[in-house]
Every structure is written in C-alpha cells, then in structure tokens.
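A short worksheet on the structure shown next.
The values are calculated or read from the model by the stated rules, or taken from the named source; none is laboratory data. Here the structure is a predicted model, which is why all the values come from computation and not from measurement. Every residue, glycine as well, gets a Cβ built from its backbone with ideal geometry; the counts of neighbours run over all protein chains shown.
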Amino acid sequence: MSKVKITIAGINKKPGSSKEYKTGGWRTMKPEVDVEKCIRCLQCFDYCPDGAIKKTEDAIEFDLDYCKGCGICERECPVEAIVMKVEEK
Amino acid sequence: MSEDEKKELLASGHRMCAGCGEGTAMRTILNEAGPNSIATVATGCLEVTTTAFPQTAWEIPLIHAAFENAASVAAGIESALKQMDKKGETNILSFAGDGGTFDIGFQALSGMFERKHNVTHICLDNEAYMNTGIQRCSSTPYGASTTTSPKGKYSIGEDRPKKPIARIASAHDIPYAATACIGYINDLKKKVNKALEADGPAFLHVFAPCPTGWRHGSSDTIELAKLAVETGVFVLWEAEDGNICDLNVTYKPKERKPVEEYLKKQRRFAHLTEEHIEKIQKEVDEKCEEYGF
Amino acid sequence: MGEQKGLTIQGNMATALGAKLSRPDVIPAYPITPSTLFPEKISEYIADGELDASMIRVESEHSAMSACIGASAVGARTCTASASQGIALMHEMLFIAAGMRLPIVMAVGNRAMSAPINIWADHQDTMASRDSGWMQFYAEKNQEGLDLMILAFRIAEDERVLLPAMVGIDGFVLTHTVEGVQAPAQEDVDEFLPPYDPPHGKLDPEEPMTFGSLGTPEYYQELKYDQTKAMDNTPEIIDEIFDEFEEKFGRNYNRITPYRCEDADIILLTMGSMTGTARAAVDEMREEGEKVGLAKLTVFRPFPSDLLKEIAGDVHGLAVVDRNISPGFGGAVFAECAGAFINEKKSPLMKNFIVGLGGREIFKKNFREMYEKTKKAVETGKVEKPVEWINMDEDVMR
Ligand code: SF4
Ligand code: SF4
C-alpha cells in the first residue's frame, strides 16, 4: 500500500478507512451460498466478524474483498446453504 | 434509512484474526449503540487491529490512550460534555479486553463506577492476554494452558478460578451490570440498549472466544460461545442497581450439556485428564445451582 | 492596562487563582502534598459559584491525567495539579497527552522523589518528566505562579503550539508561603485568553475521528518528528506571548532573565524559588567588587539554548545550580547547559552544584561558595570536580 502524508498527532479524520485494506487476501477457503436454500435468517450476517456478508433482496452475498474465510457462516447456517470451497488463486 | 441499509459502525478491513469473536461482538455493539456515540479503547487486540495509521475501522469518534485507563478517559469525556452543555444524548462507551478490565484497568474502572459517570464499560473477554501472546490473566479459567501458566509435568495450566468480574462490577451498586455472549446476539443487543439507557454507569461482560489463544478452528468461534453457555461454564445474567443477590438469569439452557463438550474443542484444555474434567464439571454444577438452574 | 487587585496568598492559591481566571471546563485532580491546596481551592470556587467547571475527584493521579486527556480531546479547557509521586504515577500519560497534542495545563508543587519519602521541595519530579513532550515553566514567586498559569494556557493552546504545559512552584517554599500578588481582572484575562476551540480536531459524533492511532514503524518517526518540531518552534511564540502579557498586565517574563550580567565574569544559573536568595548573594558580592551575575531560568522546556548563549557566551565561568540529581551524571539543568554550548568555539567553563534536595535550605553563603569555587576553576583553568554537592552535613555522612 502506498504511504500517505501524516496528520497532526496521527489524528485520523477518515472514519471507516480500514476498508482500504482488503483482508480478502488472507483467505484460503471461500464461502459460497446456495440462494435457493437460503431462508434469509441472517444468522450468518449477525455472526460474521468481518462484516463481509451483505443482505440481498432474497438471500445474502459475500463481500470477498473482506471475507477472511473463517467458515463461521458455513457452520452457523441452519439450512446448510453455505459451503466453504478451497480458494483458487 | 431502512434497517437493511444501516451503516456498519465497525468497518471491514480491520486486522482481527479470521474467526475472531471480538469482531462479531464489536459489530453488534457499535451498530446497536448507533452513530451518536463516543468511544475510548484500552490498548489490546481491539485497538491494535482497528487503528493502525493511516486507517481506522471506527465510524464513531474514538480515542485510545493507554492500557489501564479506558474508563477514566471516558470519565473525562463524560464530564467535559456535561460541563460544556451538550444535551447528554451522546453514548459514552469504554472498551477494554479482559486484561484492561479484570487486571490493569480495574482501579480506573472502579473509580469511574463509584463516581457515577454515565459511561458504559464493555469488557471483551477472551480469557487471557492475547495481544501479547496468550499470557494468563485473572480472567483465565481453571485448567487453561497459557504461555505463563503452561501445562507441564507439575502443572495443570492455570490453577485458579476465573475472577467473577461482573459480580464485582455490580457490587459497586451501578444501575446496570450484565454478562453477554456472542453466541446470543439478541440477548447481547438487548443488554447493550439497557446499559446505554441506564442513568449512570453500566457494565457489560461480553464473552468472545479467540481461535488463536484458545487454539480452536476459526469456524468454531460461535459454536464454542454457545457451548460455554449451554454447559453452564458462562452464565448469562443481568442485575440492576447492584442487586446481585436477586439477579436475573436471562437464558437458562433447557438441559445443560457436559462441560467436556466445551473443553474438548479447545487445545488450551487438551491436556486435562478425566479427573480434571470431573472437577471442573463439579464446580460448574455448583455454580449453576447458585444461579438457580 | 486594566485594574489589578492586590492579594496576600499562598503559592497554591496563586496557581489556583491563575487557573480560575483562565476559566477551565474540567479539572480532574487527586490530592498530594504539597499541591493539595490547589484542588481544594478549585473545589471551593466551584462550591461558591465563583467558577463554572466540573471537578473530577479521581481515584489516582494516573486517572487524573487520563481524564484530562479525555476531556481535552472533546475540546474542554483542562487542568490539574500534582507533585512528586503523583507526577511519577501519571508519567505514562504525560507522554500520551503530548503525543496527542492536547494543551492540558498542570500546576506542580515541586517535591522530592521517594525513597526516602520526603514531601519537601526539589525539582526531581518534573525533571524526571523532562522528555515527556511537555513545556515546563518555573516560578520564582507566587506572582509568577499565578501569571504563568494564564500564560501556560495561552501558549499551550496557540494553534502553532498545541502542547501541554506544567508550571512549577517549589513545594512549601512557595506552595504554602504567603506573598503579595496582583490579580488581573477577569475581563482582561478573557481578552488575553479566548475560549479554547481545538483547531486540530476533537471527538465529536458529527465528525468522527480516531485519536491515538497505532503508529507503525512506517509512520512513528515522522509523527514524533512533527511533534518535536512543534516544540522547537515554541521559543519565538513564547517570546511573543510574554511580550503581549507585559503589555496587558505590566509584568515582564523571559525564558531566561539576566540580572547584573552585563560585565560579569561569572554567572550563576538558577531556577525556581532559590533565585531570590541567589539575587541577594549576587548583590552582596557585587558590592564587594566581584563581577558576578545571575541568570534565572523560567522556561526549562523548550530549553532556551539561544538565550543562554547570548547571556553567558562571553563569560568565563557558568555555575549551574541544580535542585535535582541524575545519578551517574549530575544535574539535569547542567546537562542542558553543557549541551547548549556544544559546537561553540567559545564557551564558559562550567561547574555544577547540587543543592536543596528534599527541602534542604539554600543560603546566601552557599551561592557565595559556588561562586568562589567557580572563580577558582576559572583562575586555574581547571575543573577538578565538575559536579559538587553544596551544604552537606559532613557530620552525618557515613
Ligand atoms: S467465512 Fe467468515 S469472514 Fe467470510 S463471510 Fe463467512 S463468516 Fe464472514
Ligand atoms: S445463515 Fe444461511 S439461511 Fe441464514 S441468511 Fe445466511 S445463508 Fe441464508
């Protein structure tokens, strides 16, 4: 990542700027959702530590820029709509 | 804005480990508190993983000062806002880990409670000093192997029980104290709201497993959080006005699971013998009886 | 120039009055001898409705400075008072206040450090926080304590500065001693010191910011350089504000004030309350025909190397009087003075005298002895003992 100019006392006036850092690169396993199976209970949304699950009209989708591939969503989905697959790089 | 479009107040891109329970906890708490909030954070995993210049994961104003003083920095903020004629609608949140709450931050926390600042202190408990490399804390449970309470020929790992921090907090006669767990999001949300609505200091003890420190799979985090409660290892309760003798257990498992199920999933407990596990089970049974289930 | 009111008060009352006239919003404080009268007086002001401020009766000095940091970060004018062990306990937070560029002001009742425990005057406590990034001012008299509090807020909050400041008055010698002071009128102070509105940012939900970021090796050094540069730029600003103060209130302040230095061969350099005694000793010696002068250090941080070189650059001997000791070296002020002359072709011969530790009295004869010792070194061109302890009781030494 390219460096930026410092600010006085390192005060950061860009809230939410962590989004510049794409943690998706950490991933070795990648979640996939079967929208047909999904009952939109949003358990996965609530539990994802990285805010990498977005709600869609009738299901959910992953924000692969940030998903670290922890597998919590797969484990917690009550209807097994999510599966973790090996990340192909 | 509709519920669905609500902005996440802990932005993605933070550097918590994959499967970190703190991530789930912080998203839930901040989103529930809303944007009209100011937070302090103690040195620790949360601070290190969310504030590295030039980025911040925080969408609300945040100040990190040091390890032991999240509560007294928050006290200064609260007094200043009150003095400078702000309407008093801003939530003041003080975040610390178990080290910054149970141990080094305890004095500042006790002072903040006693002086009745309108601050909610939230302890994110992962049961050891994780940021410095898994050292034991007074939050570490009996039997856990950490880098400063390692299992060994003459050691079962940590040999003391966990300090009952939420009861101690409540004993300050503060308006609201509660325990919560990331496996029970709705219960956690309710408690965040109650804490913020309380007229005076509030305390939330939030149980959040740590895959790195507990040595479990990253996908096990929520399952373990639930197992801690389902086995009775961690009890969900709340108490108003210091009424710990009459606390309200907010969730009682219909049938308690054996502690072994919880312990066996974590390598920090892998060395425990059947005898040890029996001893832990006995202690948990006794505790649950005290809590009335 | 506005009306001023004559009062006869103790040093702590003077610094508390200086604080009150500066209209602080939040004062977190913890009692410690000899600075306790400061929070007591502030509490009285608030109780009597003379000051509209919030006092936080914290449970420790560490929390006092922590609460100052929180309050200042939301834009409150914030001050506290402490001494000795109290300053040591808040040591960690001093660095953080400075690193976050929060213009907090602290009134100090300078006191010795344990062990052995001792509640009396010396400068060990604040010298130990020399590197924390705070400006340091020292008063000779109660009047200076009062004025320097107002000045400290004004300088600290200047947009070009934004650094915390401490004002030291010697324990008991000033803190508990009654002296006459002139108190400026509130309207005049209000004009001199406008309300604080942090120009660099504050904690506000309307515009969220993160204070206290993690500074990785990629950025830490530049952030520290930036902070240090702010301190390096302050001497000019301090001079400018001292001048403005003199114009408004009629009292003159300098980072170093020379006394009878024009044709002096030897200069004594002092800090704090001992300066009065030193001045009397200089007057006596002048009468006897000795070419001796005195330099009073009011601003220790930023260290006024520029002025010191102007004042003492041409003299033969400089006797630096330290009310503190850095074991393994000597006095802290001595180290700074020696540093000031490094790389100068011409520099006075320097001797260091350690005096007045833990409330040990300092007499005129002690300054005469320091002068004689420095004179001897100048005459022989040899400094046999660079650091000497003065007014020792040989009978109790083991
Ligand atoms: S794998 Fe983990 S990080 Fe990725 S979406 Fe699922 S819960 Fe979130
Ligand atoms: S947990 Fe499963 S069912 Fe529920 S919203 Fe997520 S993918 Fe859909």
request  = State yes or no: is A:GLU74 within 12 Å of ligand 2 (Cβ to nearest atom), within 12 Å of the chain's Cα centre (by Cα) and not basic (Lys, Arg)?
outcome  = no
query = Quick one: which of B:GLY242, B:GLY200, B:GLY232 is under 23 Å from B:PHE102 (Cα atoms) and either surrounded by fewer than 15 Cβ atoms within 10 Å (Cβ to Cβ) or at pLDDT below 95 (or both)?
reply = B:GLY242
query = Quick one: how many residues across the range B:180-220 are under 16 Å from the mean Cα position of the chain (by Cα) and among the small types (Gly, Ala, Ser)?
reply = 6
query = Just one of A:ASP50, A:ASP65 is of a type outside the set (Val, Ile, Thr), within 9 Å of chain B (Cβ to nearest Cβ), within 15 Å of ligand 2 (Cβ to nearest atom) and within 19 Å of B:HIS14 (Cβ to Cβ); which is it?
reply = A:ASP50
inquiry  = Being at pLDDT 95 or above, more than 14 Å from B:ALA18 (Cβ to Cβ) and within 15 Å of the chain's Cα centre (by Cα): is that true of A:VAL79 here?
reply    = no
task = Specify the residue that is farthest from the other protein chains (Cβ to nearest Cβ); the eligible residues are those in the range A:53-62 that are part of a loop (DSSP other than H, G, I, E, B) and either within 16 Å of the chain's Cα centre (by Cα) or within 8 Å of ligand 1 (Cβ to nearest atom) (or both).
result = A:ALA59
inquiry  = Going residue by residue through the range B:9-27, is there one that turns out to be over 23 Å from B:LEU224 (Cα atoms), of a type in the set (Gly, Ala, Ser) and not in a loop (DSSP other than H, G, I, E, B)?
reply    = no
task = Scan the range C:211-230 and report the pairs whose first residue is within 25 Å of C:GLY70 (Cβ to Cβ) and within 12 Å of chain B (Cβ to nearest Cβ) and whose second residue is among the aliphatic types (A, V, I, L, M) and part of a strand (DSSP E or B), with Cβ atoms within less than 6 Å and a gap of 6+ or a chain change.
result = C:PHE211/B:ILE63; C:GLY212/B:ILE63; C:LEU214/B:ALA52; C:THR216/B:ALA52
message = Of everything in the range B:69-117, what is crowded, with 24+ Cβ neighbours inside 10 Å, at the interface with chain C (Cβ under 7 Å from one of its Cβ atoms) and farther than 20 Å from C:THR78 by Cα? Give them in sequence order.
response = none
ask   = Is the range A:27-42 home to any residue that is part of a helix (DSSP H, G or I) and either under 24 Å from B:TRP58 (Cβ atoms) or within 21 Å of the chain's Cα centre (by Cα) (or both)?
value = no
Residue, surrounded by the fewest Cβ atoms within 10 Å (Cβ to Cβ), within the range A:1-50, restricted to residues that are within 12 Å of ligand 1 (Cβ to nearest atom) and under 24 Å from C:GLY212 (Cα atoms) = A:THR23
request  = Only one of these is within 14 Å of another protein chain (Cβ to nearest Cβ) and either in contact (Cβ under 8 Å) with a residue 12 or more places away in the chain or out of contact with any Asp or Glu (no Cβ under 9 Å at 6 or more places or on another chain) (or both): C:ALA128, C:ALA73, C:ALA112. Name it.
outcome  = C:ALA73
ask   = Which residues, taken from the range B:7-32, are of a type in the set (Gly, Ala, Ser) and more than 25 Å from B:PRO54 (Cβ to Cβ)?
value = B:GLY19, B:GLY21, B:ALA25
request  = List every residue pair whose Cβ atoms sit under 8 Å apart, with the two residues 6 or more apart in sequence or on different chains, where the first one lies in the range A:22-40 and is over 26 Å from A:ASP58 (Cβ atoms) and within 11 Å of chain B (Cβ to nearest Cβ) and the second, anywhere, is aliphatic (A, V, I, L, M) and more than 9 Å from ligand 1 (Cβ to nearest atom).
outcome  = A:THR28/A:VAL86
request  = Hey, can you tell me all the residues within the range C:32-51 that are free of Cβ contacts under 8 Å to residues at least 12 places away in the same chain and within 14 Å of another protein chain (Cβ to nearest Cβ)?
outcome  = C:ILE46
message = Suppose the filter is buried (at least 18 other Cβ atoms within 10 Å of the Cβ) and at positive phi; does C:GLY330 pass it?
response = yes
